[in-house]
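Colleague: Quick one: the structure is below, and I'll ask about it shortly.
The values are calculated or read from the model by the stated rules, or taken from the named source; none is laboratory data. As the structure is a prediction and not an experimental result, all values here were calculated from the model. Cβ coordinates were reconstructed from backbone atoms using ideal geometry, including for glycine residues, and neighbour counts include every protein chain displayed. Ligands, DNA and RNA are stripped out before the accessible areas are found, and what is left, the full protein with its side chains, is counted by its heavy atoms. Shrake-Rupley method; radii C 1.70, N 1.55, O 1.52, S 1.80 Å.
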Amino acid sequence: MFEVPTSLSPSRVEKFTSCPLAFRFASIEKLPERPSIHTTRGSLVHRALELAFARPPAERTPDAFRASLAVARHEFRSLPDLVDLDLDDEQLAALDEECRQLVERYLLMEDPTRVHPIGLELRLSADVGSLALRGIIDRLDLRDDGELVVVDYKTGRAPSVQWEQKSLAGVHFYSFLCEQVLGRRPAAIRLMYLSSGETIEATPSAQSVRFITTRTAAVWQAVERACETGDFRPRPSALCASCSFQPWCPSFGGDPDRAAVEAPALLAPSLVATAAS
Ligand code: SF4
């Protein structure tokens, strides 16, 4: 029997559907996950864009974006996201170059001096049954016609056509949150793929928002059931290759009950060292 979490992000809800056991480790036992170069690169670039957009429109010059990236990089120098990657100088230089390219690509995709953001890294929360669903919107824009647009930066590759709707599903969550918290459904949700320069845009509808609430409620019932029974089964898939919890997964010969003791030191050594000092 596990304690049922009371609030979750949409990506954590999705994690349950991908693999209930990985969900248990991450969201119920709250074990740390090993940072990856992909997530750290994404976090760095998101932070750089947030800093640049905090400036008044006329100051959002290319140089200001480069300076913001330098500030973000400085902030990350002692964070576990970067430290626990244990990169050598050459790998760090490669990471810096990738981040620089992503920011430069962004600058080709839109004119930041013409964007009117009313929220940056905006934290929103809304109830679905007994669950508080919470999320962070990268950027919420107010268009010239007074409509809202949810913008989500992606630093990974753009999805193929068949995965496009799946990648938009996460953003529909954010339009649901907007509608619940701000009382207005955004006119558009926009995914900006900084690695390729592609933009995917969708129009949220009453139906897409209803779908999100129905689906979340259904997944949530399954989570509550699993917490009651303790039955969080592993669901092996391609995601196993990047799963931090493989050493404790029965599908790979591991013992899930050892994870709580062993995972922190193995997956987040800098956090453990800080706590001990
Ligand atoms: S290794 Fe695969 S099956 Fe095991 S917990 Fe991770 S994602 Fe689930």
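Colleague: In terms of modelled amide H atoms, which long-range or inter-chain residues lie less than 5 Å from the amide H of Phe2?
Modeller: Here the answer is Glu228, Gly230, since their amide H atoms fall under 5 Å of that of Phe2.
Colleague: I need the peptides 79-87, 190-198 ranked by packing, meaning the mean over residues of other C-beta atoms within 10 angstrom, with the highest value on top.
Modeller: 190-198, 79-87
Colleague: Treating only the Cβ atoms of Lys and Arg (+1) and Asp and Glu (-1) as charged, compute the dipole magnitude of the chain about its Cα centre; round to the nearest 20 debye.
Modeller: Computed charge dipole of the chain: roughly 640 debye.
Colleague: Pick from Leu133, Leu266, Leu69: which residue has the top mean-square fluctuation in a GNM of the chain where Cα pairs under 10 Å get a spring?
Modeller: So, out of Leu133, Leu266, Leu69, the one fluctuating most is Leu266.
Colleague: At 1.4 Å probe size, with the rest of the protein present, what percent of the exposed accessible area of region 1-98 is carbon and sulfur atoms?
Modeller: Roughly 54 percent of what the probe reaches on region 1-98 is carbon or sulfur.
Colleague: Now, a different point. Taking 0.36 nm per residue of separation and subtracting the Cα-Cα distance, what length does fully extending Ser9 through Asp144 add?
Modeller: 45.6 nm
Colleague: Give me the number: length gained by fully extending Ala238 to Glu97, i.e. 0.36 nm times residue separation minus the C-alpha to C-alpha distance, one decimal in nm.
Modeller: Net length gain for the segment: 47.9 nm.
Colleague: Can you give the relative contact order of the chain as a percent, counting alpha carbon pairs under 8 Å and 6+ residues apart?
Modeller: Contact order relative to length: 23 percent.
Colleague: Moving to a separate point now. Between Phe2 and Glu90, 0.36 nm times their residue separation minus their Cα-Cα distance comes to what?
Modeller: 27.3 nm
Colleague: Sort the following peptides by mean Cβ neighbour count (other Cβ atoms within 10 Å, averaged over residues), highest first: 230-236, 15-21.
Modeller: Order by mean packing, descending: 15-21, 230-236.
Colleague: Report the calculated FRET efficiency for Arg77 and Arg225 (r = Cβ-Cβ distance, R0 = 51 Å), to the nearest 0.05.
Modeller: Plugging the Cβ-Cβ distance into 1/(1 + (r/R0)^6) gives 0.70.
Colleague: Comparing Thr213, Thr229, Thr203, which has the greatest mean-square fluctuation in the GNM of the chain with Cα pairs linked when under 10 Å apart?
Modeller: Thr229
Colleague: Considering Cα pairs under 8 angstrom that are at least six residues apart, work out the relative contact order of region 12-101 and quote it in whole percent.
Modeller: Dividing the mean separation by the residue count of region 12-101 yields 30 percent.
Colleague: Additional query: Leaving out ligands and nucleic acids, note down the accessible area per residue over the chain with a 1.4 angstrom probe, in whole Å².
Modeller: Accessible surface, normalised per residue, equals 52 Å².
Colleague: Also, quick follow-up: Once you sort the root eigenvalues of the Cα gyration tensor of the chain as a ≥ b ≥ c, which label holds: rounded (a/c under 1.5), prolate (a/b larger than b/c) or oblate (the other case)?
Modeller: Here the chain falls in the oblate category.
Colleague: Also, I was wondering about something else. Using modelled amide H (1.01 Å from N, peptide plane; none on Pro or chain starts), what sits under 5 Å from the amide H of Arg34, excluding residues fewer than 5 places away?
Modeller: Ser244
Colleague: From the square roots a ≥ b ≥ c of the eigenvalues of the alpha-carbon gyration tensor of region 50-195, which class results: rounded (a/c under 1.5), prolate (a/b over b/c), or oblate?
Modeller: In terms of gyration-tensor shape, prolate.
Colleague: Between rounded, prolate and oblate, where does region 35-88 land on the alpha carbon gyration tensor, with a ≥ b ≥ c its root eigenvalues, rounded for a/c under 1.5, else prolate if a/b exceeds b/c?
Modeller: Note, shape of region 35-88 comes out prolate.
Colleague: Springs between alpha-carbon atoms under 10 Å, Gaussian network over the chain: tell me which of Phe76, Phe211, Phe252 tops the mean-square fluctuations.
Modeller: Comparing Phe76, Phe211, Phe252 in the GNM, the peak value goes to Phe252.
Colleague: Under a point spin-label approximation (7 Å from Cα along Cα-to-Cβ), what is the Arg114-Glu33 distance to one decimal in nm?
Modeller: Each label point is offset 7 Å from its Cα along the Cβ direction, giving 3.6 nm.
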